[in-house]
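The structure appears right after this line, and notes come after that.
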Amino acid sequence: MMIEALVAVALAGALVTFVAPNRVAGKLAFAISLVPAALSLWMFTAFDGSGNALLNGTLAFESHLEWIQLADYSISWFVGVDGISLPLVVLTTILTSLAIMSSWTPIDDRESQFYGLVLFIEANLIGVFTALDFFLWFIFWEAVLIPMYLLIGIWGGPDRKYAAIKFFVYTNVASLLMFGAFIALVFGLGDSVSSFALPEIADAMLDGGPEGLFGLEGTTLASVVFVAMFLGFAVKVPVVPFHTWLPDAHVQAPTPASVLLAGVLLKMGTYALLRFNFTMFPDQVETYAVPIAAIAVISVIYGAMLALAQTDLKRIVAYSSVSSMGYVILGLVAYTQFGIGGATFQMVSHGLISGLMFMAVGVIYNATHTRLVTDMSGMADRMPVAVGILVAGAFGYMGLPLMSGFAAEYFIFFGAFGAGFDYAPLFTALAMFGIVIVAGYLLFALQRTVFGPYRLETDYEVGRAPLHDIVPMFVLLGIIIALGVAPDLIFEMITDAVDPILTGGEL
């Protein structure tokens, strides 16, 4: 019942925080969030699962309870974790606690509602990464959108309503496309499935696939569903050309919401791609490998080039997320142990590094009330600790050895270079060039904002950041270094869950 405890504590905490006085809401939400964080870390140390949750693996912390009988199909409360989902659950709980602490300075209005929504997001994110029944998973998936929409629309910047509506419309339309495609797949599988349990559906797909539907043959139906679901999840990742909602959402969102959006919500898309497309459709992965690899490389290069052209620090980090998610797609389509394992490792690594970067940009904005590169310089002289952590996080983004970003990118490139699809070495080489562009725009931004003589266009006194702003960044930096020095802290459990995907569930 550990997963139920995680979800229940976060949901109950959200309700309690909603009605708490504003003056104590932030501290109360942080104290409550420490419970799921501690429970998830205990689950990590006690993890004894093996294999893949969808492919005959031994689940850890599994719960299965019949819920609804819908015509010929049953819906269940079915949750559990494997080596792919557990690191993402831990990432969610830790990042939520740190995001709440980082909110204490910038959030000073309707605090109880703000922190209640953050805890509500946490509960549903845990559900997304642990649910193994499609309907249950989809409920959690959709429930994440509502609080993030409100966080952007209420506490965001001047254009917050436009950004919130754009975020909601893009992701909701994508969800509709994905939902319709998956339901068509279930109906196409006919009598081979009697529930919406993902392991049962995955087994049916690998045992023969759909029989057909709407006049489409089984193979054609599988291809249509694969493409539709890929497009639906691609919006969430996001990849080019479905990325345009992300910079607006990040720039307008309050910093803590940006931390969760980049750190965890984007991983919903890549996690779903791995669980659905790259686990259930091995033949279609092989068929569409080249165009998917091309989309990945375009996202890497184009996202990095867009970041290079920005002058807003938040927009720079936002576009860099598009580039980083391109590496995840490349690792997934490589369909090798190091490729998929590296992609999963990159989900965790990028969550940590992007969270750190958004926190650092937020700390600078709290002091200067500007994020424009052209408005400031010499911040290191006034905010040495915060700037030092920002620089360290930027080096993590660039792939500095002994940091998690380097390990993730090495695994992906190693796995992608030896992939079986056409032109794999060429795609890998082009993606590697993205690292050069990343270094270019980050070093350019840092040189102009944090080094040189002190200058600030706004009329604010800049001093050292408060301790509660520094601690979350310091914790994230410590984890980034720990995973860079010892990637097997999570990589071994990840590859244990990846191997069945490559062998069709047989080991």
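The values are calculated or read from the model by the stated rules, or taken from the named source; none is laboratory data. Nothing here was measured: the structure is a model prediction, and the numbers come from that model. When we count neighbours, we look across all protein chains shown, and the Cβ atoms used for this are built from the backbone with ideal geometry, even at glycine. We work out accessible area using only protein heavy atoms, side chains counted, and drop any ligands, DNA or RNA first. Shrake-Rupley method; radii C 1.70, N 1.55, O 1.52, S 1.80 Å.
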Would you check which residues across the stretch 73-119 are of a type in the set (S, T, N, Q), open to solvent by 10 Å² or more (accessible area, probe 1.4 Å) and more than 21 Å from residue 143 (Cα to Cα) and list them?
74, 102, 105
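Just wondering, is there one or more residues in the stretch 23-42 that are under 30 Å from residue 502 (Cβ atoms), surrounded by fewer than 22 Cβ atoms within 10 Å (Cβ to Cβ) and at pLDDT 95 or above? So that I can check it myself, show each step before the final result.
In the first step, residues of the stretch 23-42 are kept if they are under 30 Å from residue 502 (Cβ atoms); the result is 40-41.
Keeping just the survivors that are surrounded by fewer than 22 Cβ atoms within 10 Å (Cβ to Cβ) gives 41.
Imposing the further condition that a residue be at pLDDT 95 or above reduces the set to 41.
Yes, the stretch 23-42 contains at least one residue that is under 30 Å from residue 502 (Cβ atoms), surrounded by fewer than 22 Cβ atoms within 10 Å (Cβ to Cβ) and at pLDDT 95 or above.
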Condition first: touching a Pro at 6+ places or on another chain (Cβ under 7 Å) and either farther than 25 Å from residue 159 by Cα or not in a helix (DSSP H, G or I) (or both). Can you find one or more residues in the stretch 243-259 that meet it?
yes
Could you please find all residues in the stretch 375-405 being β-branched (Val, Ile, Thr) and open to solvent by less than 40 Å² (accessible area, probe 1.4 Å)?
387, 389, 391
Kindly indicate which of 372, 356, 306 is more than 25 Å from residue 230 (Cα to Cα), open to solvent by 10 Å² or more (accessible area, probe 1.4 Å) and not polar (S, T, N, Q).
372
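Which residues, taken from the stretch 214-223, are of a type outside the set (D, E, K, R) and either crowded, with 18+ Cβ neighbours inside 10 Å or not in a helix (DSSP H, G or I) (or both)?
As a first pass, look at the stretch 214-223 and keep what is of a type outside the set (D, E, K, R): 214-216, 218-223.
Within the stretch 214-223, 214, 215, 216, 221, 222 qualify.
Condition check ((1) outside any helix (DSSP H, G or I); (2) within 20 Å of the chain's Cα centre (by Cα); (3) farther than 30 Å from residue 47 by Cα) across all residues:
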{"position": "113", "(1), (2), (3)": "no, no, yes"}
{"position": "124", "(1), (2), (3)": "no, yes, no"}
{"position": "142", "(1), (2), (3)": "no, yes, no"}
{"position": "161", "(1), (2), (3)": "no, no, yes"}
{"position": "171", "(1), (2), (3)": "no, yes, yes"}
{"position": "184", "(1), (2), (3)": "no, no, yes"}
{"position": "187", "(1), (2), (3)": "no, no, yes"}
{"position": "191", "(1), (2), (3)": "no, no, yes"}
Out of all the residues in the stretch 197-208, which are without any contact (Cβ under 8 Å) to a residue 60 or more places away in the chain and either acidic (Asp, Glu) or closer than 23 Å to residue 131 by Cα (or both)?
200, 204, 207
Residues that are touching a Pro at 6+ places or on another chain (Cβ under 9 Å) and within 24 Å of residue 82 (Cβ to Cβ), drawn from the stretch 168-185
185
Could you grab me the full set of residues in the stretch 286-303 that are crowded, with 24+ Cβ neighbours inside 10 Å and touching a Ser or Thr at 6+ places or on another chain (Cβ under 8 Å)?
299, 300, 303
Take the stretch 183-203 and flag every residue that is in contact with a Ser or Thr (Cβ under 9 Å, 6 or more places away or on another chain), open to solvent by 10 Å² or more (accessible area, probe 1.4 Å) and closer than 19 Å to residue 283 by Cβ.
203
Looking at (1) assigned to a loop (DSSP other than H, G, I, E, B); (2) touching a Gly at 6+ places or on another chain (Cβ under 6 Å), which is the one condition that is false for residue 107?
(2)
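Say we look at the stretch 458-476 and pick out the residues that are under 10 Å from residue 385 (Cβ atoms) and not aliphatic (A, V, I, L, M); which of these is most open to solvent (accessible area, probe 1.4 Å)? Before you say what the answer is, go through the steps one by one.
Initial filter on the stretch 458-476 (under 10 Å from residue 385 (Cβ atoms)): 464-465, 467, 469-470, 473-474.
From what's left, not aliphatic (A, V, I, L, M): 464, 469, 474.
Values: 464: 172, 469: 6, 474: 137 Å².
Checking each candidate, the answer is 464.
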